[in-house]
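Undergrad: One structure coming up, written as C-alpha cells, with questions to follow.
The values are calculated or read from the model by the stated rules, or taken from the named source; none is laboratory data. These numbers come from a predicted model, not from an experiment. Cβ sites come from the backbone with ideal geometry, for glycine too, and all protein chains shown count toward neighbours.
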Amino acid sequence: MKKSIRSFTLSLVVMLILASCSLTSSSPQAQVALATQSLPTIVTIELTVQADPATPFNAVGQVIQYKYNVKNTSTTSTLGPVTVPGATCPEVKTIGNGDVNFDANEMITCTSNYTITQADLDKGSLTNIVTASINGVSSNAVTTTIAAAQPTILKLTKTANPVTYDQIGQTVTFTYVITNSGATTLGPAQFIVTDTGISAPINCGAATTTLAQNATVTCTATYTVTQSNLDAGLVATTATASGGGVPQSQPASATITKGTVVQSNANLTAGSTIKHQVVNGEWLWQIARCYGANPDKVVQANPQISNPARIAPDTTVTVPNIGSAGKIYGKPCVGTHTVQSGETWASIAQKYNADATVLQRVNSNTLTVGKVLIVPLNSLGSTPVITSTRTACPIPSGWVGITVQSNDTLNSIATRYGTTSQILTQKNCLTSTSISTGAVIYIPPPATAYPNP
C-alpha cells in the first residue's frame, strides 16, 4: 500500500514538471502573438483652424469668427465628445454614421467668435493658440495670427464745380485736397489721386512733394459731361489718394446732378442775336468765338462791360449776328486742364480744338506741371496765319504777328491785345494809324499782354 502511494506521488510530480516545461518551451512566435493581442490601438486627431475675416482688422468691436476642423486620422474609433477650449462643438452623433463614436476619417467643426478690443489695436495683431481633445487624446497645437490694419494717414476731400450740369460737353472741375493726418512727415514723394470718373491717375503736386503733419497738397481734374450723364441725371464718382509710403486714403466722393437742360447748340440760328450768361473764367472775345461772332461787334453790343477781358460770372451779354465770323459751337466756351508731365501748349490745345497761341496768352505763358489752365474751347484758327514778312522794321523780341482783318482798326487791335495804339504804332514802325486788310501787325508777348485774349 505504501509503495502504491509513493508511486502515485512520484507520477504526479513528474506530470507537473512536464507541464511546466511545456508552457515555458512554447514558441517565440506564439509569445509575440499573445502580447500583440493585448496591446490597444492608438487614436490620433488632427486640428486645422480658419479665421474669418483673415484680413487685417481695423476697428474695436469687429468680430473674428474661428472654425476648428477636428479629424480622426487613426484607423479606430473613440467615444466623444470633441472639445476645443472656448469653442462650441456639435455632438459626435450629428456627423458621419450618427453613432456616439468618433470614427476613423470623421471630421467635426467647432466654432467660436472673438470681438476686437482696443488692446488688440494697440498691440497690432491678434494671436490664437488652441488644441482640440477627445477622450483624453489631444491634437496638434495650432497658432493663428491676424495683423491689425495700418492706421489711415492720408485724408482726401473732393469737391465739384459746378455742382449741376445741363448739356453734353459741359466741363466739371473736380478739386482734390490730400492731408497728412499722421504725426510723421511724408515724402518727398509723388502723391497721386485715382478717380473712377477720370481715365488716368492725377499727379497731385510735384514729384518731390513733402507733407508735414496736417499739411495739404491740392490738385484738380476736368470731367466732361456725356449723353449717358444726361440720361442718368447725375454724375457720382469716387477717388482715393496714395503716396508717401503709407496706405491709400479712404474713398472720397462728389456728386453733381442734372439741372434744366438748355437749348441745343444745333438749334442756334446763324445771323440771330442771343443772350449768353457768363460763367467763371469766360471773357468777351472767347464768348464771341463760341458763337462764331465778330469780337468787335460783341464788344460794341455790350457797352456796359468796362473791361471785356474781365467779366463777372452770371453777367448777361448780347452776342449779335452769330455765325457771321465762324462756326457756331455754343456753350461751354471755356474749360480747364491740369498740366501733366511732358505736355506742351500744342498737345494741350489739340485735345480741346483750341488755338495754341490763345491758350498760351490766356495763361500768361506759364506751363508748369500741376497748374490748372483756362482752356479757350474750339478756338482753333482764331489766330490768323502770318502770310507776309517785313524787313524794314525790326520785330520786337517776343512779339507775335497777326493778320489784319477787314473790320480791324489799330484801336480795336490795341484794345483786344491789352496795349495802346501809340505802342503799336511805335513798335510796328507805322507812319499813321491807318492799316490795311491783310497787313501784319505785331502785338505784345503773353507776359505783357492782357491775360484774356
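Undergrad: Is there a residue being among the hydroxyl-bearing types (S, T, Y), surrounded by 18 or more Cβ atoms within 10 Å (Cβ to Cβ) and in contact (Cβ under 8 Å) with a residue 24 or more places away in the chain anywhere in the range 120-131?
TA: No: zero hits.
Undergrad: Scan the range 57-115 for residues that are farther than 28 Å from I146 by Cα, part of a strand (DSSP E or B) and not aliphatic (A, V, I, L, M) and jot them down.
TA: The answer is T78, N101, F102.
Undergrad: Another question, then. Return the pairs, sorted by first residue and then second, in which the second residue is hydroxyl-bearing (S, T, Y) and assigned to a helix (DSSP H, G or I), the first residue lies in the range 275-300 and is more than 9 Å from C333 (Cβ to Cβ), the beta carbons are less than 7 Å apart, and the residues are 6+ apart or on different chains.
TA: Going by the 7 Å Cβ cut-off, the qualifying pairs are D296/S412.
Residue-by-condition table, conditions (1) buried (at least 17 other Cβ atoms within 10 Å of the Cβ); (2) without any contact (Cβ under 8 Å) to a residue 40 or more places away in the chain; (3) within 26 Å of V334 (Cβ to Cβ); (4) not hydroxyl-bearing (S, T, Y):
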| residue | (1), (2), (3), (4) |
| --- | --- |
| D195 | yes, no, yes, yes |
| S199 | no, yes, yes, no |
| L211 | yes, yes, no, yes |
| N229 | yes, no, yes, yes |
| V235 | yes, no, yes, yes |
| G244 | yes, no, no, yes |
| Q248 | no, no, no, yes |
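Undergrad: Restricting attention to the range 252-266, and to residues there that are modelled with pLDDT under 85 and over 25 Å from I311 (Cβ atoms), which single residue is nearest to the chain's Cα centre (by Cα)?
TA: Among those that are modelled with pLDDT under 85 and over 25 Å from I311 (Cβ atoms), it is K258.
To keep it simple, each residue is scored yes or no on (1) of a type in the set (D, E); (2) part of a loop (DSSP other than H, G, I, E, B).
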position: D120; (1), (2): yes, no
position: T145; (1), (2): no, no
position: P151; (1), (2): no, yes
position: F174; (1), (2): no, no
position: G182; (1), (2): no, yes
position: I198; (1), (2): no, yes
position: N203; (1), (2): no, no
position: N214; (1), (2): no, yes
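Undergrad: Let me ask something else. If V317 passes every condition in (1) aliphatic (A, V, I, L, M); (2) farther than 22 Å from Q277 by Cα; (3) surrounded by 15 or more Cβ atoms within 10 Å (Cβ to Cβ) but one, which one does it miss?
TA: (2)
Undergrad: Return yes when S139 is touching a residue at least 24 places away in the same chain (Cβ under 8 Å), surrounded by 14 or more Cβ atoms within 10 Å (Cβ to Cβ) and touching an Asp or Glu at 6+ places or on another chain (Cβ under 7 Å) and no when it is not.
TA: The answer is yes for S139.
Undergrad: Within the bounds of the range 320-343, is there any residue that is in contact with a strand residue (DSSP E or B) (Cβ under 7 Å, 6 or more places away or on another chain), over 30 Å from V217 (Cβ atoms) and among the hydroxyl-bearing types (S, T, Y)?
TA: No.
Residues checked against (1) at pLDDT below 75; (2) crowded, with 17+ Cβ neighbours inside 10 Å; (3) under 22 Å from S306 (Cβ atoms):
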site	(1), (2), (3)
P394	yes, no, no
I402	no, yes, no
A414	no, yes, yes
T420	no, no, yes
L424	no, yes, yes
T431	yes, no, no
T437	no, no, no
I441	no, yes, no
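Undergrad: Can you tell me which residue among Y352, Y291 is over 30 Å from C204 (Cβ atoms) and hydroxyl-bearing (S, T, Y)?
TA: None of the other options fit; the residue is Y291.
Undergrad: OK, next. What do you reckon, is G98 outside the structural domain of S249 (by TED's automatic domain parsing) and within 30 Å of Q250 (Cβ to Cβ)?
TA: no
Undergrad: For residues in the range 157-188 being surrounded by fewer than 18 Cβ atoms within 10 Å (Cβ to Cβ) and under 20 Å from the mean Cα position of the chain (by Cα), which is modelled with the lowest pLDDT?
TA: Only one residue tops the list, namely N161.
Undergrad: Within the range 322-344, take every residue that is under 28 Å from the mean Cα position of the chain (by Cα) and more than 20 Å from V278 (Cα to Cα) and give me the one that is surrounded by the most Cβ atoms within 10 Å (Cβ to Cβ).
TA: Checking each candidate, the answer is T338.
Undergrad: Please verify whether A293 is more than 23 Å from P162 (Cβ to Cβ), at pLDDT 85 or above and of a type in the set (A, V, I, L, M), treating the condition exactly as stated.
TA: Taking the combined requirement at face value, the residue satisfies it.
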